[in-house]
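The structure appears below as structure tokens.
The values are calculated or read from the model by the stated rules, or taken from the named source; none is laboratory data. Not measured: the values here are computed from a predicted model. A quick note on method: Cβ atoms are made from the backbone with ideal geometry, for glycine too, and the neighbour counts reach across all protein chains shown. Side chains included, ligands, DNA and RNA excluded: accessible areas come from the protein's heavy atoms. Shrake-Rupley method; radii C 1.70, N 1.55, O 1.52, S 1.80 Å.
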Amino acid sequence: MTASSSAEFALGGVRVLDLSTEIAGPYCTKLLADAGADVVKVEPAPGGDSMRGWRSGALFEFLNTTKRSVTGDWSSLAAAADVLVVDGAIPVDVLHDANPALVVVTLSPFGLDGPWADRVATEFTLQAWCGSTGSRGLPDQPPLAAGGRIGEWLAGSFAAVAALAAVRDARRSGRGAHVDVAMLDSMAVTMVSYPSVHAAMAGWPAESGPTRVVEIPSVEPTADGYVVVTTNSAQQYNDFLVQIGRADVLENAPELAQRQPRWIRRDEFEAMVHEYTTKRSTEQVLADAALLRVPCAPVHNGATLPKVDHFVERGVYMPSPSGRFVQPRIPYTISGHEPRPFAPAPSAGEHTGTVAWDPRPARATAIPGRPLVGLRVIDCTAWWAGPAATHVLGCLGADVIKVESVTRPDLMRYTALRPPTAEKWWEWGGLFHGVNSGKRAITLDLRTEEGIELFHQLLDTADALLDNYTPRVMEQFGLTWDVVHERHPRLVMTRMPAFGLDGPWRDRTGFAQQMEGISGMAWLTGYPDGLPVLVRGACDPLAALHAVLATLAALEIRDRTGEGVFVESTMIETALNVAAEQVIEYSVSGEVLQRSGARGPTAAPQGVYRCTGDDRWVAIAIATDEQWVALRSALGDPEWARDASLTTADGRRAAHDAIDAELGAWCATRNADDAVKLLWSAGVPVGDVVRPREILNNPQLRHRKLFEMEDHPVTGQVELPMMPFRFDTVDAWMTRPSPTLGQHNDEVLAELGVDADARAALREAGLIGDRPAGA
């Protein structure tokens, strides 16, 4: 599809130059291309991007549909582009001299500065550094990394959002930004659930022994497969016990309602669960769970996903442009605007000499800064995914007003580190703080006519409204799109339902754990002879980022036409896109990709190896033949490593067991710090499998100022992880601490013209307030 024919789409006219490879950069530019940008991929001659040869080549096709490809000199294109995406360092100043408004996005393992900027890494070793590997698995087994290269998809998603926001600012200021995206930073704020924040709020209690766990219950075997069960709340736990016929546990073992006692007695608890699940089919377990509203989902893989009734009815999967495989559609829709059709991935250099971009006129009209300054966003979200989306918008400069009620606060507040007997205990939710800083918060009772009217007055001042409630909630409030659009015609409304606004799963409550099971992420995580294991952490932030991208794309349409639009961005379809390789490869070759413990398809050897000390491990991944030579050198070139068959990846993969034994013996006599120092200095990708909360002390993350200090009126000073990208035009992302419940009622309502007497009356009537009802 040419640049001219893409003008009707949200990002029509936006020009992107893609110098990247692997997954992160190409997924960033795929997201921009899917929204209408003209993406030109620069490839080396003669063979093109090395990813063309990855497995069947289908993943390359998926990541590079609707792009054009050139080889050779690309400098004239950079002088006319809006965005340039590249892996690693590039002379940004030179690019800006030729094109001051160019947004330069660099992606790298650790970012472009800091003590680790020049260190080698793979996604597997970065999982170790970010705390993800150290959080997952059973204590009597080695730590377990997540399968599927999820960190690369996350980094690409952050890069796309940052790029699109920076383009908006470049139009205003005439000056482009350098957006420096670090994969480690991206994974540290997504693949663990704010462990350092929880530890700080708890007073840093002593910690020893293994820190890895699996949820109890989580993925459970059935008579014909697996289901994933979620018991995030006390009610869900109670209902699950009723489902499995063990309501007696509520009385006989009330302590099992708490996660820690349940974890300690996990063998006993799991035996009760399996007595029920293994005697029933997956369909029977799901039906029982639905009757009791217990969040439950099947565990799928590449063979089964396209057959799921919900996805069939919603048309989620479609043929690829080449016809070689099926693939998921883009995970959001915009009302009144058909999605850009997928065009075939280009052959290497197919469009060389045919791309005609006129140079952009050089201009500088304002000082660049936070790119979304001037936008107002109304935040009707809860838990993690929705608040994370509005948190990104707020960090990027939008004025975000969070709307709760005293009868229904954001329930993430209730994941508190203080008992209900403590003063303002609901303000001690660590993850709530993590994704709500920078916002203002009000309480309104939307069940009342007066509350709804005040809400509409608030919408009169806004550019966008986001919600991630189950579909029926906004409908019960009378806040359907038709109603909202009639009164607020310029407003963009973004809804983030777990499964979508139609289809057989429409009204199901959806949590990240279910998405990991359904999408196949859990299928690829775990040991070959064991249960699938939950990834934990990724699906909520991924849903947030795709909703932000869709909202920014919708605002492009609104700004161009003056008319607001409706966005539906679903968590499950986001997960299906990130896990798309399983379906793609199965439909090409019939191969069901499998979990393989610590091993993976991109490196051999790859594994975690125990060192001396209290549960200390290192992660090692050899992704190239050159890295194998470096490993041999670091080990002292032992006799076993000189076997000629080990000079190739195939040879090393065939001898993986023997290599693991040798590396395990070498690591067993060394402490992790010494092993990491020696291997890294030799150029070997290695990671310390750190305890999750210790990421706060990581010298690279501290250099990049990932953590910023929150000074909160209730919880005091706590460092929070912020955005995993750096703009050269922004010094810090946090503008204010996370809000207390109803903290800004007076401030925001006064802006709407509600005087002090009227606010007092609202407070007296319980329509607004600053503490939960009954607390």
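Only a single item in (1) touching a strand residue (DSSP E or B) at 6+ places or on another chain (Cβ under 8 Å); (2) without any contact (Cβ under 8 Å) to a residue 24 or more places away in the chain is not met by ALA675, and it is number (2).
May I ask you to list pairs of residues, at least six apart or on different chains, whose Cβ atoms are under 6 Å apart, with the first in the stretch 742-768 being part of a loop (DSSP other than H, G, I, E, B) and the second being hydroxyl-bearing (Ser, Thr, Tyr)? Going by the 6 Å Cβ cut-off, the qualifying pairs are GLY742/THR443; ILE768/THR443.
Tell me, which strands (runs of 3 or more DSSP E) wholly within the stretch 396-497 include 1 or more residues that are within 25 Å of MET201 (Cα to Cα), touching a Pro at 6+ places or on another chain (Cβ under 6 Å) and open to solvent by less than 10 Å² (accessible area, probe 1.4 Å)? Spell out the reasoning first.
Values: elements: 399-404, 440-443, 464-467, 492-495.
Output list reads 440-443.
Within the stretch 279-337, the set of residues being part of a helix (DSSP H, G or I), within 22 Å of SER218 (Cβ to Cβ) and either open to solvent by 30 Å² or more (accessible area, probe 1.4 Å) or aromatic (Phe, Trp, Tyr) (or both) comprises GLU283, GLN284, LEU286, ALA287, ASP288, ALA290, LEU291, LEU292.
With respect to (1) touching a residue at least 12 places away in the same chain (Cβ under 8 Å); (2) more than 30 Å from VAL592 (Cα to Cα), the lone exception for ASP482 is condition (1). Of all residue pairs spaced 6 or more apart or on separate chains, those with beta-carbon atoms under 7 Å, a first member in the stretch 641-659 that is in contact (Cβ under 8 Å) with a residue 40 or more places away in the chain and a second member that is charged (D, E, K, R) and outside any helix (DSSP H, G or I) are HIS656/ARG599.
Would you confirm, using the coordinates I've provided, whether ARG172 is open to solvent by less than 10 Å² (accessible area, probe 1.4 Å), at negative phi and of a type in the set (Lys, Arg)? So ARG172 does not fit the description; no. Pairs meeting the criteria (first residue in the stretch 132-154 and closer than 28 Å to THR21 by Cα and touching a residue at least 12 places away in the same chain (Cβ under 8 Å), second residue open to solvent by 10 Å² or more (accessible area, probe 1.4 Å) and acidic (Asp, Glu), beta carbons under 7 Å, at least 6 apart or on different chains) are ARG149/GLU123; GLY151/GLU123; GLU152/GLU22; GLU152/GLU123. Evaluate the following for ALA98: is it aliphatic (A, V, I, L, M), farther than 30 Å from PRO328 by Cβ and in contact (Cβ under 8 Å) with a residue 60 or more places away in the chain? So ALA98 fails the test.
Within the stretch 498-515, can you find the residues that are outside any loop (DSSP other than H, G, I, E, B) and either hydrophobic (A, V, I, L, M, F, W, C) or free of Cβ contacts under 8 Å to residues at least 60 places away in the same chain (or both)? I'd like the intermediate steps shown before the answer.
Quick first cut of the stretch 498-515, residues outside any loop (DSSP other than H, G, I, E, B) only: 512-515.
Across the stretch 498-515, the qualifying residues are ALA512, MET515.
The C-beta contact set for the stretch 166-187 (first residue more than 28 Å from GLN700 (Cα to Cα) and hydroxyl-bearing (Ser, Thr, Tyr), second residue open to solvent by 10 Å² or more (accessible area, probe 1.4 Å) and at pLDDT below 95, distance under 8 angstrom, 6+ apart or interchain) comprises SER173/ALA364; SER173/THR365; SER173/ALA366; SER173/ILE367; SER173/PRO368; SER173/GLY369.
Inside the stretch 338-353, can you point out the residues that are over 21 Å from GLU43 (Cβ atoms) and either touching a Leu at 6+ places or on another chain (Cβ under 8 Å) or open to solvent by less than 50 Å² (accessible area, probe 1.4 Å) (or both)?
The initial filter retains those residues of the stretch 338-353 that are over 21 Å from GLU43 (Cβ atoms), namely 338-341.
Across the stretch 338-353, the qualifying residue is only ARG340.
Of the set (1) of a type outside the set (Phe, Trp, Tyr); (2) assigned to a helix (DSSP H, G or I); (3) surrounded by fewer than 24 Cβ atoms within 10 Å (Cβ to Cβ), all apply to GLY47 but (2). Check the stretch 95-117 and report whether any residue there is farther than 28 Å from HIS351 by Cβ, under 21 Å from the mean Cα position of the chain (by Cα) and either open to solvent by less than 30 Å² (accessible area, probe 1.4 Å) or among the polar types (S, T, N, Q) (or both). Looking through the stretch 95-117, at least one residue is farther than 28 Å from HIS351 by Cβ, under 21 Å from the mean Cα position of the chain (by Cα) and either open to solvent by less than 30 Å² (accessible area, probe 1.4 Å) or among the polar types (S, T, N, Q) (or both). Of all the criteria given as (1) farther than 23 Å from MET183 by Cβ; (2) modelled with pLDDT of 95 or more, the one not satisfied by ASP615 is (2).
Within the stretch 601-622, the residues that satisfy the criterion of being surrounded by fewer than 21 Cβ atoms within 10 Å (Cβ to Cβ) and touching a strand residue (DSSP E or B) at 6+ places or on another chain (Cβ under 6 Å) are ARG610, THR612, GLY613.
Can you go through ARG652, ARG616 and tell me which one is closer than 17 Å to GLY683 by Cβ and basic (Lys, Arg)?
Numbers: ARG616 fails: closer than 17 Å to GLY683 by Cβ.
Result of the check over ARG652, ARG616: ARG652.
Candidates are the residues of the stretch 162-182 that are in contact with an Asp or Glu (Cβ under 7 Å, 6 or more places away or on another chain) and outside any helix (DSSP H, G or I); the one that is farthest from ASP113 (Cα to Cα) is ALA177.
Among the criteria (1) under 27 Å from THR407 (Cβ atoms); (2) outside any helix (DSSP H, G or I); (3) open to solvent by less than 70 Å² (accessible area, probe 1.4 Å); (4) out of contact with any Ser or Thr (no Cβ under 8 Å at 6 or more places or on another chain), the one VAL690 does not fulfil is (1).
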